[in-house]
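Written out below as structure tokens is the structure these notes cover.
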Amino acid sequence: MKHWRNFDFQLLGIPAGLVMFGVFVLFAISRWPTSGVTISTPLHQALYASFGLALMLFLTNFDYRLLRSLAYPLFAGSLMLLGVVLALGHSANGAQRWINLGILPLQPSEPAKLLLVLALAKYFADRERTIESGSTVMLSLFFVLIPVAMVLAQPDLGTSAVLVAIWIGIALMAGVRLKHMAILGAVCAAALPLAWIGMGHVKRFQYMQTRLTIFLNPQQDPLGAGYNVIHSQITVGSGGFLGQHFQQGTQSQLGLLRVEDKDFIFSVIAEQIGFVGVLVLFAVFVVLLMRIARVSFMSGDSYGRLLASGILSMLMFQTFVNIGMNLGLMPVTGIPLPLISYGGSSIITTLASFGILQSILLRHQKLVFAPG
Amino acid sequence: MLESGVSQTKSRGRSSATRTKSVPARPVGRKRSQRPKTTVVRPRALERTQAPARESRPLVVLIFMVFAASALMARLVFWQVMQHSALTRRANVEHAGLYVQPPSRGLIYDSSGVQLATDVTQNQVYAFPRQIKDARKTANLVAPVLKLSFTRLLDLFTGDNPSLLLASNVPKSVSQKIIDLSLPGIVLGPQIKRYYPQGTVASQILGFVDTANAGQYGLEQYYNSYLSGHAGVRSVLRDTAGNNIQVGTSASPSHNGGNLQLTLDRTVQGLVEDELHKAIKVHHADGGTILVMEPSTGAVLGMASAPSFNPNTYGTVRDSSLFVNPAVQSQYEPGSTFKIITMAAGLDSHVITPTTSFDDTGSFYVTHDYTVHNWNMSGFGIENMTQVLQHSANVGASWVAQQLGTDRFYRYVKAFQFGHPTGIDLANEAPGTLPLPGDRVWTIDNLYANSYGQGLAVTPIQMIRAVAAVANGGMLVKPHIVKAMEYNGVVHPIQPVSLGRVISRQTARTLTNMLVHSAVGGEAAAALIKGYNIAAKTGTANIPSPTGGYIPGATIASIVGFAPAFHPRFVVLVILRHPRDTLYGSIAAAPVMHDLFGELFMHYNVPPIANAVNK
């Protein structure tokens with residue numbers, strides 16, 4: 001039973017608008033001679049976005065309740081893909097994250113985020129009645145720990161953090177006792193020093209340690225690891241109140257930023273559109289997140305509610321952490337800015353999640369009291 | 001039971017406060033599952049509120065969102081509003097700068113347009129790793145061409161630096177290989193280098209340009225600011241590697257250097273250098289200098305010394321004294337050639353005439369510890385002044401100096417401007433050494449020693465300029481080597497500078513006549529060419545020892561002269577330092593002048609005359 005009148009046009013319009021804005025920014029960057037971004041970047045992004053929109057419309061029409069029964073097989077599939085990446089992945093910047101599928105170099109950790117949302121939502125929705133038991137919570141950890149371990153091994157600290165954020169968001173909304181979450185938090189905090197020492201000893205993970213140290217003191221290595229941290233600050237700062245307007249953002253234009261099409265696209269935008277522009281962009285993101293939260297409230301069943309919550313925490317975490325990273329408030333962890341950063345897997349996954357949200361909205365049931 | 005169940009559900013749905021009142025114990029999962037199932041179909045929306053603690057959860061999320069957004073906002077305000085100007089300054093320091101636009105250095109060419117110094121463009125090899133498609137393949141191909149290590153290149157190509165300078169000053173063969181490879185991300189950039197197409201020719205005249213683009217020695221130094229021009233200043237934007245990306249508005253435009261056209265003739269210079277090297281080889285001399293000048297204008301036609309260097313490879317020269325141009329920077333005791341000056345003074349003061357005679361006994365008593373002797377230690381008997389020149393008699397020169405007296409002798413020596421730089425347009429000219437009466441080192445001995453060219457030091461350019469004044473009818477000129485300065489396509493010819501008369505026209509003519517006649521059958525005979533009047537005087541000077549006195553058995557053999565004597569076109573000075581097979585200018589230097597005049601007459605088409613003294 002679908003009700004198209006429930007279709008949320010803001011949930012279509014805002015992502016589409018942000019994607020178009022992102023393509024425009026990528027196009028502008030590609031025109032700067034020193035950026036290292038070619039015209040193929042915005043073209044690819046537009047192509048990926050079309051895929052994403054198609055998938056979004058398909059999922060809008062697809063009953064999300066069917067996803068509940070598909071969740072575990074899909075999740076298992078994503079774990080397999082992560083395993084394939086580890087086995088024969090394509091490396092970039094020292095990390096194995098991609099599988100080459102010809103036109104789209106697939107980054108399985110991106111769909112893995114959404115498929116984790118599907119699986120965790122099912123898991124918690126199925127265990128509504130035992131949600132307050134410790135064993136339910138413990139078992140749920142396996143859903144997240146396995147992909148986290150595989151993603152960390154790539155190594156990709158940022159995506160691992162997103163997976164953890166998804167678990168926190170869904171668990172929180174599913175009603176896991178705060179006491180349990182506090183205990184888990186304490187265990188993690190206790191394990192941190194061990195993890196820190198471990199990072200230093202495994203060559204693959206040393207970069208994470210470097211990035212965290214650099215976050216605390218970028219000047220320690222201003223031309224190496226601290227480079228982008230310092231330059232994103234200069235870039236954002238030179239944007240000023242009104243920005244330098246497109247085609248004139250000197251810092252980004254001169255190739256002073258690296259990965260300006262992906263992780264640091266926010267700095268480029270901030271330099272171009274300035275404080276006022278960034279405020280508007282912020283507002284748009286906040287409205288978008290609010291609309292996602294609304295889906296969570298509107299949802300007629302636990303599964304839908306938890307799905308929306310998971311998507312909300314996934315996108316909220318990514319948005320805040322990416323912008324925080326650009327503003328020097330978060331360590332550099334390679335998390336894309338949803339809908340804007342260049343990346344096929346990321347944009348398709350994000351748009352697909354909006355399809356699921358619409359599907360929930362179309363099928364949500366009005367609050368109906370029992371007769372008598 | 002049924003009723004209460006419904007009412008409980010309703011009340012919980014309204015507020016959690018009501019619920020905690022109606023249900024005293026906090027429900028746990030186990031208890032809830034024990035609760036009896038009702039048959040009422042409860043709306044799902046209400047069912048989810050069964051775990052009431054969750055109601056605050058969206059609030060937690062909202063608070064987190066507000067907190068995170070505020071933190072980001074605060075940071076944004078801090079960076080983009082409060083720190084904006086400071087960060088912009090930092091950005092400007094990083095990528096904006098003043099780009100000094102290098103001007104192109106002026107050319108130097110000879111009197112007929114042969115290039116002696118020019119700029120050539122060489123290449124630098126840059127890499128832009130972001131444009132490199134296959135770093136491994138690129139590094140593999142580039143490494144052998146640039147002789148760099150493969151692993152180092154691969155590191156650079158896969159590193160973070162967006163642009164790299166791989167090699168400077170690469171030869172054409174290498175840049176051609178780079179072009180042939182045509183690898184994306186590997187590009188050539190131009191680099192300008194000073195080049196001397198004639199190699200060693202005129203090297204000591206030209207000098208060279210050092211790595212800081214400053215002219216060193218010779219013309220490059222003397223005319224440095226003119227040749228180098230003025231750098232322009234432009235505001236630019238720079239990328240991370242410091243490369244200029246966008247050349248902005250020009251604060252001051254660059255002015256290219258001006259060109260120099262020399263009086264020097266490449267052909268004459270070649271003849272001069274060949275003759276010099278030949279003579280040095282034949283006589284096993286330590287070195288030497290030859291000067292060819294146009295007497296009426298002071299224009300230098302040829303100027304060479306040996307040993308010299310190649311300015312294209314000045315960096316490999318171990319002995320920096322090779323950069324020095326001895327023709328203007330070294331001084332020597334001229335010896336008998338200076339008797340021309342003594343005679344000029346005597347004639348011009350009317351104390352002698354060409355036919356004035358005296359009895360040359362072979363020695364001339366000055367003081368009890370200084371007696372002048374002739375070079376052959378014997379007297380020539382009664383001789384006139386022309387014969388004094390012919391015999392190159394020191395006693396005769398001393399006798400003339402005695403007739404002149406100290407005041408008049410030095411008045412003439414000073415009039416010929418010995419002891420002062422000639423002002424030729426070449427760097428670091430030496431002034432010569434001329435002790436004068438009144439100086440602490442001057443004694444009466446100096447007067448007589450000076451009369452035959454010892455006890456004073458001159459530069460070759462001073463000597464030839466003095467003789468040119470005789471050739472020139474008594475007018476002293478300022479020697480120069482630049483004929484015209486060409487700036488922005490406009491040619492500014494350099495006018496010869498006359499420094500006024502030093503001896504009368506009559507004296508000059510009389511002296512010329514004496515020199516022409518004395519040469520015939522005299523010391524300078526080997527320099528003569530049939531059909532041409534050549535005024536010449538040889539010199540054989542002792543070389544002062546650094547420890548005092550003179551070096552025994554070592555001489556500077558020289559000859560100075562001009563031709564055709566009564567319509568002089570060239571004045572030539574030949575100096576050979578320490579020839580091993582002979583002591584004398586008459587033997588070592590005179591034949592060089594003979595050959596050189598012969599070649600000059602041919603090159604400049606100077607015909608012989610029928611009534612020449614030397615038939």
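Just so it is clear, none of the values below were taken in a lab; they were calculated from the coordinates. Since the structure is predicted, the reported quantities are computational estimates derived from the model, not experimental observations. All Cβ positions, glycine included, derive from the backbone under ideal geometry; neighbour counts span all protein chains shown.
With θ taken as phi - 60° and the Karplus curve 6.51 cos²θ - 1.76 cosθ + 1.60 applied, the whole-hertz 3J(HN,Hα) list for the range A:114-127 is 5, 6, 5, 4, 4, 5, 5, 4, 5, 4, 6, 5, 5, 10 Hz, x standing for glycine and proline. Look at where the Cα atoms of the range A:106-120 and of the range B:337-376 average out, and the two centres are 115 Å apart.
Magnitude of the Cβ-charge dipole of the range B:329-428, K/R +1 and D/E -1, about the Cα centre, nearest 20 debye?
So the dipole magnitude of the range B:329-428 works out to roughly 180 debye.
Working ranking of peptides B:441-452, A:330-341, B:348-359 by packing, defined as the average number of other Cβ atoms within 10 Å per residue, highest first, is A:330-341, B:441-452, B:348-359.
So if we plug the beta-carbon distance of residue B:370 and residue B:420 into 1/(1 + (r/R0)^6) with R0 = 30 Å, what FRET efficiency do we get, rounded to 0.05?
0.65
Ordering A:65, B:509 by the number of other Cβ atoms within 10 Å of each residue's own Cβ, fewest first, gives A:65, B:509.
The residues packed around residue B:298, meaning those with a beta-carbon under 9 Å from its beta-carbon, carry a net charge of +1 if Lys and Arg are +1 and Asp and Glu are -1.
Each of residue A:197 and residue A:76 was given a label point 7 Å from its Cα along the Cα-to-Cβ line. The distance between the two points is 3.9 nm. Cβ-Cβ distance of residue A:51 and residue B:321, R₀ of 56 Å, FRET efficiency by 1/(1 + (r/R0)^6): the value works out to about 0.10. Shape class of the range B:373-479 from the Cα gyration tensor (axes a ≥ b ≥ c, square roots of the eigenvalues): prolate, since a/c reaches 1.5 or more and a/b is larger than b/c.
Apply the Kirkwood formula to the range B:121-195: the hydrodynamic radius equals the inverse of the mean of 1/r over all pairs of different alpha-carbon atoms; give it in Å with one decimal. Present the calculation step by step, with values, prior to reporting the outcome.
Working: mean 1/r = 0.0815 Å⁻¹.
This gives a value of 12.3 Å.
Annotation note: trypsin sites (Lys or Arg not before Pro) in the range B:521-599 located in DSSP loop regions with a Cβ neighbour count of at most 13 within 10 Å are B:530, B:580.
Evaluating 6.51 cos²θ - 1.76 cosθ + 1.60 at θ = phi - 60° for every residue in the range B:504-509, the Karplus couplings come out as 5, 4, 5, 4, 4, 5 Hz, glycine and proline recorded as x. Which net charge results when you count Lys and Arg as +1 and Asp and Glu as -1 among the other residues whose beta-carbon is under 12 Å from that of residue B:512? Taking every other residue near residue B:512 into account, the sum is +3. Residues in the range B:114-120 carry Karplus couplings, in order, of 6, 6, 10, 9, 8, 9, 10 Hz; the curve used is 6.51 cos²θ - 1.76 cosθ + 1.60 with θ = phi - 60°, and Gly or Pro positions show x. One Cα centroid belongs to the range A:298-324, the other to the range B:527-584; the line between them spans 104 Å.
Between residue B:150 and residue B:495, the C-beta separation translates, for a Förster distance of 45 Å, into a calculated FRET efficiency of about 0.10.
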